[in-house]
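Each reported figure results from applying straightforward, stated rules to the coordinates on display, with no laboratory input. Remember, it's a predicted structure, so these values are computed and weren't measured experimentally. Because the Cβ atoms are built from the backbone with ideal geometry, glycine has one as well, and the counts that use them run over all protein chains shown.
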Amino acid sequence: MLAATDALHASIDDVERRFDAVMDQVIAEAGAIALQAAELLAGHAITAQPARAIDEALTRALDQVARDTALSIRANPAMREDIERLVEDRRARERRSMSIVVVDDEALPLGDAHIGWAEGGLNVDAASRRAAVMSELAGVLGTATGPDDAA
């Protein structure tokens with residue numbers, strides 16, 4: 001009877017180890033799927049509204065600066081038309097005058113920008129946003145650095 005009980009406990013321990021290994025794998029795969037879904041949605045958002053992140057950053061910048069502060073938006077030249085349209089839409093909605101100039105900067109990736117003013121500025125950086133997401137998902141992705149690595 002004692003031998004059978006020991007064998008039963010050993011079998012239960014083995015099942016628990018296997019279950020834990022399967023759960024770790026499921027969690028890692030779920031994290032990789034979540035990251036791929038986030039990248040797919042972000043890619044779709046960038047395709048549908050390429051300057052949206054820049055417009056959101058402009059809102060934050062305008063909240064930080066005094067009235068009539070001159071702002072510059074440095075962005076990839078391919079973004080110029082979209083950004084200028086967003087700036088014009090904002091000018092039409094706002095009740096204050098805004099001095100915003102769009103400056104081409106080929107060094108910035110598509111979708112990234114720098115919004116600057118005399119006393120400061122802020123960056124729109126997709127790589128930093130992705131790094132922050134990866135940091136949050138690090139626990140479920142293990143050592144993987146991206147969706148291709150996690151597969």
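Over the C-alpha atoms of the stretch 1-129, the Rg to Rh ratio, Rh being the Kirkwood estimate, stands at 1.41. Site pair N123 and D6 shows an inter-label distance of 6.3 nm when each label is modelled 7 Å from Cα along Cα→Cβ.
Close amide H partners of G111, meaning residues 5 or more places away or on another chain with modelled amide H under 5 Å apart, are N76. Residues in the stretch 73-84 carry Karplus couplings, in order, of 10, 8, 8, 4, x, 5, 8, 3, 4, 4, 5, 4 Hz; the curve used is 6.51 cos²θ - 1.76 cosθ + 1.60 with θ = phi - 60°, and Gly or Pro positions show x.
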